[in-house]
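So the structure is just underneath, and the comments pick up after that.
The values are calculated or read from the model by the stated rules, or taken from the named source; none is laboratory data. This one's a predicted model, so the numbers in the text were calculated from it and none came from an experiment. Cβ placement follows ideal geometry from the backbone for every residue including glycine, while neighbour counts extend to all protein chains displayed.
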Amino acid sequence: MSFPKTIQAIAINKNGEVDVINKEAVPFPEHVPGNVIVKVNYGGVNFIDTYFRKGLYPAKSFPLTLGQEASGTIAALPTDEKVLNDKQYKKRGLKVGDRVAIFTSAAHAEYASVPWVKVFAVPNNVSLITAGAALLQGLTALTFITESYDVKKGDYVFVHTVAGGLGLLFAQLAKHRGAIVIGTTSTQEKADIAKQHGADHVILYPVENTVDRVLEITKERACMSSTMGLGRIRRFKFIRRKGTIVCVGNASGAVPPFPPLKLVEKNLKLLRPSAINYIVTPEESLQYGTELFQLIASGVAKINIYKEYPFTTEGAREAQTDLAQRGGKTFGKLIIKIADE
Ligand SMILES: NC(=O)c1ccc[n+]([C@@H]2O[C@H](COP(=O)([O-])OP(=O)(O)OC[C@H]3O[C@@H](n4cnc5c(N)ncnc54)[C@H](OP(=O)(O)O)[C@@H]3O)[C@@H](O)[C@H]2O)c1
């Protein structure tokens, strides 16, 4: 198959506010011999896109195509003989035309070149829009409730910003394991949505005292706490002895330095994992990808799409602005429609 020399992509040429984002022509992504070329239909929007745009996560070079996840169809397979004969690769049975979700950089473009380990087959009864909306947040929620802290029946799990795309998945998957889920969000409407997705208790953080409310509910029995930063250190008060705090992201700024002695008081575990480092080996990607799509296909994990944004400069800028509005209107997932199916 012959491919164009350039493609349209959502890219930045320098770091800055949303006005540095443009839809523009970039070179066709290099078909590295171990990579799969995917024709993209939907690109999921994530906070990490804002970190690359602002420079919190540095770009290797400019123009930098944004986007860390997408869905589409396979346009070309790897060419490396070693890959083609790899047992794990063969297990996937990937073919040109297959519907896939991808966990890769430079995903918000007409085509993406993806290491084959980061290509996930989409089951027939899961739509491409759902797959594009589910992958990054779904793998994050699933790996964190398995590896960062193995959530079990009866555990109290605290999820900050529980009505976001990631929060709704945390709530549903932890609930499915039998946990009691406590979340925070900014508005009553978002609290109702979180409850429909498995949150047992939702705290409205602008008007309620989160720590007092969690203590009231758990009597200091919270086992796992997700937090966006350690700024709100009072959270240590509600985590139980030997509990786990999982520092999830940088939405409210980069995590500040932290004195480990603070952990001694209750022999706490503190982690700052990244989903991508849980999905490194072919075995890990097959295991978690298969489990995630089974949870979606069986209806355990519902992917709530807040809005589909157009593949335009304005659409991409609006999506990032909407996502990063604290106490904003969005809930669930924001997605850019890159091409018709
Ligand atoms: N470690 C990892 O591997 C990993 C993977 C995925 C995501 N993350 C992190 O998880 C967090 C959620 O990211 P996401 O992309 O998945 O989005 P998301 O869950 O859809 O989060 C959107 C929600 O975040 C809240 N929010 C918006 N602006 C905020 C701000 N300035 N400060 C604090 N909260 C804000 C809003 O909820 P309220 O209205 O309720 O405040 C909004 O509904 C981010 O910190 C991200 O970096 C980490």
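Scan the range 303-319 for residues that are surrounded by fewer than 23 Cβ atoms within 10 Å (Cβ to Cβ) and within 14 Å of the ligand (Cβ to nearest atom) and jot them down.
Listed by number, the residues that qualify are ASN304, ILE305, TYR306, LYS307, TYR309.
Looking only at residues that are part of a loop (DSSP other than H, G, I, E, B) and at pLDDT 85 or above in the range 252-274, which one is nearest to ASP49 (Cα to Cα)?
The qualifying residue nearest to ASP49 (Cα to Cα) is SER274.
Return yes or no: is SER298 assigned by TED's automatic domain parsing to the domain that holds ILE102 and in contact with a strand residue (DSSP E or B) (Cβ under 9 Å, 6 or more places away or on another chain)?
Against the criterion (assigned by TED's automatic domain parsing to the domain that holds ILE102 and in contact with a strand residue (DSSP E or B) (Cβ under 9 Å, 6 or more places away or on another chain)), SER298 does not qualify.
Go through the range 270-295 and count every residue that is in contact with a Lys or Arg (Cβ under 9 Å, 6 or more places away or on another chain) and more than 16 Å from the ligand (Cβ to nearest atom).
Matching residues across the range 270-295 total 2.
THR130 - would you say it is closer than 20 Å to THR330 by Cα and in contact with a Phe, Trp or Tyr (Cβ under 8 Å, 6 or more places away or on another chain)?
Taking the combined requirement at face value, the residue does not satisfy it.
Hey, among the residues in the range 173-188 that are surrounded by fewer than 24 Cβ atoms within 10 Å (Cβ to Cβ) and touching a residue at least 60 places away in the same chain (Cβ under 8 Å), which one's nearest to GLY327 (Cα to Cα)?
SER186
Out of ILE245, ILE239, report the one residue that is at pLDDT 85 or above, crowded, with 18+ Cβ neighbours inside 10 Å and within 16 Å of the ligand (Cβ to nearest atom).
ILE245
Kindly indicate whether VAL126 is over 14 Å from the mean Cα position of the chain (by Cα), surrounded by 21 or more Cβ atoms within 10 Å (Cβ to Cβ) and assigned by TED's automatic domain parsing to the domain that holds ASN35.
No: the conditions fail for VAL126.
For residues that are under 11 Å from GLU69 (Cα atoms) and not in a strand (DSSP E or B), tally how many sit in the range 111-125.
Going through the range 111-125 one residue at a time, the tally reaches 1.
Please go through (1) under 19 Å from ILE305 (Cβ atoms); (2) β-branched (Val, Ile, Thr); (3) more than 13 Å from the ligand (Cβ to nearest atom) for THR185 and return the number of the only condition it doesn't satisfy.
(3)
Quick test of your reading of the structure: ILE338 fulfils all but one of (1) within 16 Å of the ligand (Cβ to nearest atom); (2) in contact with a Gly (Cβ under 8 Å, 6 or more places away or on another chain); (3) over 30 Å from PRO206 (Cβ atoms). Name the failing condition by number.
So ILE338 meets the others, but not (1).
Would you mention how many residues in the range 304-322 are among the charged types (D, E, K, R) and under 17 Å from ALA106 (Cα atoms)?
1
Within the range 144-162, how many residues are within 13 Å of the ligand (Cβ to nearest atom) and without any contact (Cβ under 8 Å) to a residue 60 or more places away in the chain?
1
Looking at the range 81-100, is at least one residue in contact with a helix residue (DSSP H, G or I) (Cβ under 8 Å, 6 or more places away or on another chain) and within 16 Å of the ligand (Cβ to nearest atom)?
no
Can you name every residue in the range 64-107 that is touching an Asp or Glu at 6+ places or on another chain (Cβ under 8 Å) and either surrounded by 20 or more Cβ atoms within 10 Å (Cβ to Cβ) or at positive phi (or both)?
Hits for the range 64-107 are LEU66, GLY67, GLN68, ILE74, ALA101, ILE102, PHE103, THR104, ALA107.
Of the residues LEU84, LEU94, LEU142, LEU77, which single one is modelled with pLDDT of 95 or more and not assigned by TED's automatic domain parsing to the domain that holds GLY16?
LEU142 is the lone residue from the list that is modelled with pLDDT of 95 or more and not assigned by TED's automatic domain parsing to the domain that holds GLY16.
Of everything in the range 277-323 that's among the small types (Gly, Ala, Ser) and part of a loop (DSSP other than H, G, I, E, B), which residue is nearest to LEU135 (Cα to Cα)?
Looking at the filtered set, the residue picked out is ALA301.
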